[in-house]
Amino acid sequence: MTARRTVLISGAGVAGLALAHWLHRGGHAVTVVEKSGGPRDGGYPVDLRGTAVEVARRTGILPRLREAHVDLRRATFLRADGTEVASVPARAVAGGAGHLEVRRGDLTAALYAGVRDDVEFLFGDRADTLDDRAHGVDVTFRDGRRRTFDLVVGADGVHSATRGAVFGAEERFHHYLGHVFGIYTMPNTLGLSHELTMWNAPGRAAALYAAGAGDEALHAFLTFHRSTPPGAPPHREALAAVFADAGWEVPRMLDALRDADDLFVDTAGQIRMPRWSRGRVALVGDAAHAPSFLTGQGTGLALAGAYMLARALVTHTDHTAAFYVYEQGTRPYVTANQALAGGGGTTLFPSTAEALERRDTRLRSLTALPPPPAHPAYSALTLPD
Ligand SMILES: Cc1cc2nc3c(=O)[nH]c(=O)nc-3n(C[C@H](O)[C@H](O)[C@H](O)COP(=O)(O)OP(=O)(O)OC[C@H]3O[C@@H](n4cnc5c(N)ncnc54)[C@H](O)[C@@H]3O)c2cc1C
């Protein structure tokens, strides 16, 4: 390559920051535009397994992530009346040996720290229009400024505006998986420490996750089954209404829901696209292939996909060839991990009383079984050097 390629990345989440790291390292001039005013922290703890852990190692953040590892010790499952079904060691339900679980904000902070001085960040901004021309992509930012980049990558999450602008409406690619969920933090008045407690009724689940000791806020999680997608984006009132009559700690969770300023609410769904690039624009992470929280692999796929895209761009001067190599190399891994959502979460969050009883029987047997091996999908990608 003669001149340094200029790349605009839309979104400073896990995929965007990891891509910025690897493109900068490969000699590209990188600009990241992020609609939030700064790096976004918060969010439920996220999982890294198999290939994704290897990407973290190569990125140089593994020691920091190991320190930030959420040392979950127990998972306890409750019936609708609050009585216990089973309490199992965390390793019985985690992701096998080498599994890392970190607060989402700890991961993005580690990635951001590695690139903040080398990469141009435009916070509180967004690309409003993208005009893909022979010489590059002409981009108009929100304030009307115009710049031209050799390439643009959409790393702007499951509801990607880049995807919408270049590939078409979200409905064409979004596959609803039958659940609505909300995640937020609340005071840890129960003094829970390094443990998950999940309440279930048919078609409904409420969980409290203590990622740290008893003085750290709890992650509250509510999800309910709905066979058809809600017509409008889900919101807190819809969540509250579904759980209005629930027992256990749910009334306190609903009080906290009302005041939560960090609520993340969405439907469970997957993005499935026939192609992840068009012209000079490509997609990475959830924007290209969100697998849904039901797989626990969204963050891992984002990290690995960013590595694969950067690797292809650094080793190919022709971006069309690079996008082809990125997609060919990454798609089987993505497909294998999207398949982990199986019947749309019916195993973990059963929607009928009979299915819930079957799940509970399985959970009770876990205490007597050795921890399950890591699923082969987690390592279904061998990274190029
Ligand atoms: C604040 C937050 C909390 C989250 N919490 C959870 C959680 O609790 N559980 C869970 O399963 N998943 C959560 N996620 C999603 C999870 O992080 C991703 O599924 C996964 O890490 C893949 O990351 P990604 O980088 O592809 O997408 P994301 O993590 O969604 O990152 C996308 C980034 O793009 C930015 N962005 C969006 N639109 C634009 C735009 N038009 N212009 C510029 N920037 C834009 C967003 O602000 C965000 O920083 C959360 C995401 C965010 C942003």
In the stretch 253-278, residues that are closer than 23 Å to residue 41 by Cβ, over 21 Å from the mean Cα position of the chain (by Cα) and touching a residue at least 12 places away in the same chain (Cβ under 8 Å) total 4
Return the residue satisfying two criteria in turn: it lies in the stretch 250-291 and is among the β-branched types (Val, Ile, Thr) and closer than 16 Å to residue 23 by Cβ, and of such residues it is surrounded by the most Cβ atoms within 10 Å (Cβ to Cβ). 284
Please count how many residues of the stretch 146-181 are among the polar types (S, T, N, Q) and either in contact with an Asp or Glu (Cβ under 6 Å, 6 or more places away or on another chain) or at pLDDT below 95 (or both). 2
Scanning the stretch 2-48 for residues that are hydroxyl-bearing (Ser, Thr, Tyr), within 14 Å of the ligand (Cβ to nearest atom) and surrounded by fewer than 24 Cβ atoms within 10 Å (Cβ to Cβ), the one farthest from residue 211 (Cα to Cα) turns out to be 31
Since residue 53 meets every condition but one in (1) of a type in the set (A, V, I, L, M); (2) within 16 Å of the ligand (Cβ to nearest atom); (3) in contact with a helix residue (DSSP H, G or I) (Cβ under 6 Å, 6 or more places away or on another chain); (4) more than 21 Å from residue 213 (Cβ to Cβ), which condition does it not meet? (3)
Taking the condition under 26 Å from residue 168 (Cβ atoms), surrounded by 19 or more Cβ atoms within 10 Å (Cβ to Cβ), touching a helix residue (DSSP H, G or I) at 6+ places or on another chain (Cβ under 9 Å) and modelled with pLDDT of 95 or more, does residue 110 pass? no
When restricted to 281, 250, 325, 314, the only residue away from the ligand (no atom under 12 Å from the Cβ), touching a helix residue (DSSP H, G or I) at 6+ places or on another chain (Cβ under 8 Å) and without any contact (Cβ under 8 Å) to a residue 60 or more places away in the chain is 325
Look through the stretch 126-157, keep the residues that are acidic (Asp, Glu) and more than 23 Å from residue 313 (Cα to Cα), and return whichever of them is surrounded by the most Cβ atoms within 10 Å (Cβ to Cβ). 128
With respect to residue 205, determine if the residue is in a strand (DSSP E or B), surrounded by 17 or more Cβ atoms within 10 Å (Cβ to Cβ) and small (Gly, Ala, Ser). yes
Looking at 309, 294, 356, which is the one that is crowded, with 18+ Cβ neighbours inside 10 Å and out of contact with any helix residue (DSSP H, G or I) (no Cβ under 6 Å at 6 or more places or on another chain)? 356
Select the strands (runs of 3 or more DSSP E) contained entirely in the stretch 1-107, then report the ones holding at least 1 residues which are at pLDDT below 95. 45-48, 74-78, 84-89, 100-103
Residue 227 is checked against (1) farther than 27 Å from residue 359 by Cβ; (2) at pLDDT below 95; (3) of a type in the set (S, T, N, Q) and fails just one. What number does that condition carry? (1)
Among 51, 83, 59, 76, the single one that is among the β-branched types (Val, Ile, Thr), within 30 Å of residue 366 (Cβ to Cβ) and buried (at least 19 other Cβ atoms within 10 Å of the Cβ) is 51
Qualifying residue in the stretch 101-119 (condition: of a type in the set (Ser, Thr, Tyr), over 13 Å from residue 281 (Cβ atoms), within 12 Å of the ligand (Cβ to nearest atom) and under 21 Å from the mean Cα position of the chain (by Cα)): yes
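The values are calculated or read from the model by the stated rules, or taken from the named source; none is laboratory data. Here the structure is a predicted model, which means the values were calculated and not measured. Heads up, the Cβs are rebuilt from the backbone with ideal geometry, glycines too, and the neighbour counts pull from every protein chain shown.
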